[in-house]
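For reference, the structure discussed in these notes is given below.
Each reported figure results from applying straightforward, stated rules to the coordinates on display, with no laboratory input. Everything numeric here is computed off the predicted structure, so don't read it as measured data. No Cβ is skipped: glycine too gets one built from the backbone with ideal geometry, and neighbour counts run over all protein chains shown.
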Amino acid sequence: MKTFVLFFGGSAIFGAVTGLAYWLVAHEEATGTVLLGCMAAALAFTAAYAVIAEKNADLPGDDPAELPETAAGENLGIFTTRSAWPILVAISSLAALVGMLWSPLIGFSGLIALILCLWRLGAESARV
Amino acid sequence: MIEWLTTTNHKKIGTMYIVSTLGFFCAAGVLAALIRIQLAQPNSTIIGTHAYNQIFTMHGTAMIFLVIAPFAIGLANFLIPLQIGAPDMAFPRLNATGLWLFIIGGLTVFAGFATYGGAASAGWSNYAPLSEITIGTGAGEDLYLVGLTLTGISNILTAVNFVVTIVCFRAPGMTFWRMPIFTWEMVATSILILMAFPTLTAVMAMVLIDRHMGGHFFDPAQGGNPILYQHLFWFFGHPEVYIMILPYFGVVAEIIATFSRKPVFGYVGMVISAFAIAGLSLGVWAHHMFTTGAVSNPFFSGISFLIAIPTGVKFVNWIGTMWKGSIELTTPMILCVCFLLNFLLGGITGVMVASPPLDYMAHDSYFIVQHFHYTLGGGSLFALFAALFFYFPKIFGVKLDERLGKWFAALFFIGFNVTFIPMGFAGLEGMARRMSTYPDVAHLALLNGLSSIGTAIIAVSVVLFFVNVLVSVRNREPVGNDPWGGYSLEWLTSSPPPEFNFDELPPIRSKMPAWDVAEGREVSRS
């Protein structure tokens, strides 16, 4: 986790420094400063999440002397092998977007289908 | 069939990404051939202007959004869990959702050809207000915007999945600093995707709002700002170049180390340079806008020059890995050597156009077409085929024929250089890009004729590649776990791997667990 924080935190600092330098040389043009600032903020948020919320995370991959048996079988969790919802989410997303432009009826139906599919996908994920 | 449509297994998802990107590659290749048929002679009228605009727009769009970047995502889907010793990706359903958004998005973009006004025709960069008010008024443009929005969301979902999988699902002992270079490159690539793609999705939505909901973000007549579009697009667009190359840097590092029988030279430098390239690439977007006169040219020129340093570090690493190694010239290795030669030319021409005075001369000329084809075609595409030859046995359990493979590599390399070297000279003689025809002046007829001959050679080589696939699959000679003598974890499992990847993992005590096992090195379990 330390390496993760190092790279995300380092990238955030880089973004902030670049944003500041950009503002100094091109302050009349706000777009670049905003984009670089948002980038730095997003990376800093991720690094801060890792520091604050996951500081006690015990990842077997972080221990150089750990044996494979410590994270095998049920210790590792259960992985699903099939779900029909992802393809339905994609189809309903297309219907919602295209419908929004060309046909409100298709767009509205696609949006309802998308919400239903996402809800079912979430419910299925919560079970397994 | 239903099994494949509903699968959430990372290997099947990776395989479907790879197969679908090869399908899009064939479509993009046909479009490229049409471009070269049109330009083979001066004053050609074979293809009309509007059709030509659609063809080059869709060729670029397909290669960038539907072939080079998503192939790497497919390969990473297949490889990352295997390389870090995980049974699957962290979020299998999210992974499948990303795949289907990509496939449906890609087909939506191509569906534009079936509409009355034809496909999108404002160039792959889809500049507004051109894409809003001038020529991009048809349904094809809408489908382009919707399709790219879906593929953009797909990329964001997949990048989140990669980062979480790599952080949380590494096998015991697989510390960050023991991960293969390809996995490291995918961490850097995922960060780039997460920073860049939301901007693309936002700008596509803004164009849709302008087109359908009375917005005026980019219409100067109504107080909008077209330069804003360029800023937002290139804040995505330049990192996208590195999204398309960083994974292939990883592939090249893996292949060169395997066939030089040496560990990667300068492993830490390789990792840090990947992140340096990723970081710097987020600060160079407006070097595509030098000639607008609306950006700080010294700032963007300076950072663009800086990128050459970490890229040079990578070249030193690759050559250092080969240095005094026991080099075996297999097809993947030959393609990697071709990659080094081509990418060097792409990099050097990139440094040239990072200088604003030179860029003013070369901007929107065929010199630029040559430059980016050497980085993304000569670079990424050669590494893509190297990856196909290298990982084909692991993915499909079949090794591609080496003799046909070497013929493919030779023809592809010759065809590529015959196509794109003349383009640089045509650009220097003033030939503008995206023109459907050109006058018979200077040496343009000769140079374009050569380019078209080169494209025909590339077409033959690609046909030969698919013949190789058919012949090899039909012969189906069995391969073991490790047909190449690879060093990373994926070579310790069967080809193709079982559903959850490993029946048993060895203790991981170095960066080269497969070589540790093969050489019987001490891998103490205590």
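Each Lys and Arg adds +1 at its Cβ and each Asp and Glu adds -1 at its Cβ; summed about the Cα centre, chain B shows a dipole of about 800 debye. Projecting the Cα atoms of B:21, B:289, B:329 onto the charge dipole of chain B (Cβ charges, centred on the Cα centre) puts B:329 farthest toward the positive pole. Shielding of peptide A:52-63 by partners, expressed as the average count of other chain Cβ atoms within 10 Å per residue Cβ, is 4.
Rounded to whole Å, the principal axis extents of the Cα atoms in segment B:255-315 read 51, 18, 13, largest first. Roughly speaking, what % of Cα-Cα pairs in segment B:407-500 are separated by over 18 Å, rounded to a whole number? Counting every Cα pair in segment B:407-500, those more than 18 Å apart make up 64 percent. Over chain B, one equal point on each Cα, no solvent: what is log10 I(q)/I(0) by the Debye formula at q = 0.09 Å⁻¹? After summing over all Cα pairs, the log10 values are -0.63. Using C-alpha pairs below 8 Å separated by at least 6 residues, the relative contact order for chain B is 16 percent.
Residue ranges B:385-398, B:463-476, A:1-14, B:276-289 sort as B:276-289, B:385-398, A:1-14, B:463-476 when ordered by packing (mean number of other C-beta atoms within 10 Å per residue, highest first).
The mean sequence distance of close C-alpha pairs (under 8 Å, at least 6 residues apart), as a share of the length of chain A, puts its relative contact order at 18 percent.
Note on segment B:375-449: along the principal axes its Cα atoms extend 53, 21, 18 Å, ordered by decreasing extent. Helix B:49-61 versus the longest principal axis of chain B: what is the Cα-based angle in degrees, 0 to 90, to the nearest 10? The answer is roughly 30 degrees. Compute log10 of I(q)/I(0) for segment B:78-206 with the Debye formula, placing one identical point scatterer on every Cα and leaving out solvent, at q = 0.09, 0.12, 0.16 Å⁻¹, to two decimals. Log10 of I(q)/I(0), two decimals: -0.35, -0.55, -0.80. As a ratio to 2.2 N^0.38 Å, the alpha-carbon radius of gyration computed for segment B:15-118 takes the value 1.35.
Peptides B:496-505, B:406-415 ordered by packing proxy, namely the average of other Cβ atoms within 10 Å per residue, highest first: B:406-415, B:496-505.
Ranking B:202, B:309, B:497 by Cα position along the charge dipole of chain B, where only Lys, Arg, Asp and Glu carry charges on their C-beta atoms, puts B:497 farthest toward the positive end. Counting, for every residue in A:92-98, the Cβ atoms of other protein chains within 10 Å of its Cβ and taking the mean gives 6.
With respect to chain B, whose longest principal axis is taken over its alpha-carbon atoms, helix B:226-243 is tilted by about 30°. In this structure, the pairs whose alpha-carbon distance is over 28 Å, taken from B:12/B:314; A:2/B:314; A:55/B:12; A:2/B:511; A:2/B:394, are B:12/B:314; A:55/B:12; A:2/B:394. Compute the Rg/Rh shape ratio of segment B:368-526: radius of gyration over Kirkwood radius, all on alpha-carbon atoms. Reported Rg/Rh, Kirkwood definition of Rh: 1.17.
Comparing B:33, B:6, B:79 along the charge dipole axis of chain B, the residue lying farthest to the positive side is B:79, per the Cβ-charge model.
Per residue of B:297-306, other chain Cβ atoms within 10 Å of the residue Cβ number 2 on average. Dividing the mean sequence gap of close Cα pairs (under 8 Å, 6+ apart) by how many residues segment B:407-526 holds gives a relative contact order of 23 percent. Here the Kirkwood formula, the inverse mean of 1/r across different C-alpha pairs, assigns segment B:464-510 a hydrodynamic radius of 12.7 Å.
Taken over the alpha carbons of the protein assembly as shown as equal point scatterers, the Debye sum produces base-10 log I(q)/I(0) values at 0.08, 0.12 Å⁻¹ of -0.58, -1.41.
Helical content alone sets the calculated 222 nm signal of chain B at -22000 deg cm²/dmol, taking -39,500 (n - 2.57) per DSSP H segment of four or more residues and averaging over every residue.
Here the alpha carbons of segment B:345-405 define both size measures, Rg and Dmax, at 17.1, 52 Å. Along its first, second and third principal axes, ordered by size, segment A:18-99 spans 58, 48, 18 Å in Cα coordinates.
Note on the protein assembly as shown: with charges restricted to the Cβ of Lys and Arg (+1) and Asp and Glu (-1), its dipole about the Cα centre is near 680 debye.
A compact globular protein would have a Cα radius of gyration near 2.2 N^0.38 Å; the ratio found for segment B:179-284 is 1.44. When the P(r) is computed for segment B:211-353, the part past 18 Å accounts for 62% of the Cα-Cα pairs. The Cα trace of segment B:165-221 gives Rg and Dmax of 19.5, 61 Å, the first to one decimal, the second as a whole number.
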